[in-house]
Amino acid sequence: MSARLKVAALYAAFWGLFAINFAAMFVMLLICALGIPSGLMLAVLGSAVLMFRADFVITALAPQLMIFGGISGAFLSAFFGLLAVKLGFGISGFFVRIRRRCERLRGES
């Protein structure tokens, strides 16, 4: 196999992996961007129902469930955001390794 073909195959494999990684990061960052504010708002509404005895808020959830579920959802969403950032660092490090290997292959020929 020639060096040019190996370099092309390595870069093609990387871009395929990058596309999959980008899709996963996009979904996780979307969860993070939507989940943190909604979880915190759920916790605030749950604490308002509990403190002010606001029975006019029509929901099937108990106030304690709203508070702790909202906070848990916000922290889980934040975890997904940090995981997406970690995946981004991982794919960028992988690109540096692929680029160095391709430069070595080009230098040999």
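The values are calculated or read from the model by the stated rules, or taken from the named source; none is laboratory data. A quick note: this is a predicted structure, and the numbers were derived from the prediction, not measured. Virtual Cβ from ideal backbone geometry, glycine too; neighbours counted across all protein chains shown. Surface areas here come from the heavy atoms of the whole protein model, side chains and all, with no ligands, DNA or RNA. Shrake-Rupley method; radii C 1.70, N 1.55, O 1.52, S 1.80 Å.
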Ignoring ligands, DNA and RNA, what percent of the accessible area of the chain is carbon or sulfur (1.4 Å)?
-> 75
If the viscosity is 1.306 mPa s and the temperature 10 °C, what Stokes-Einstein diffusion coefficient in µm²/s follows for the chain when Rh is the Kirkwood radius over Cα pairs?
-> 93
Put +1 on the Cβ of every Lys and Arg and -1 on every Asp and Glu Cβ in the chain; which of F56, F18, P37 then has its Cα farthest towards the positive end of the dipole?
-> F18
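Report the charge-dipole magnitude of the chain in Debye, nearest 20, computed about the Cα centre from +1 at each Lys and Arg Cβ and -1 at each Asp and Glu Cβ. List each step's numbers first, then the result.
Numbers: 10 positive and 3 negative charges, 169 e Å.
It comes to approximately 820 debye.
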Calculate, for the chain, the solvent-accessible area per residue in square angstrom, rolling a 1.4 angstrom probe over the heavy atoms of the protein chains.
-> 72
Kindly provide the helix-only [θ] at 222 nm of the chain, computed as the sum of -39,500 (n - 2.57) over DSSP H runs of four or more divided by all residues, to the nearest 500 deg cm²/dmol?
-> -33000 deg cm²/dmol
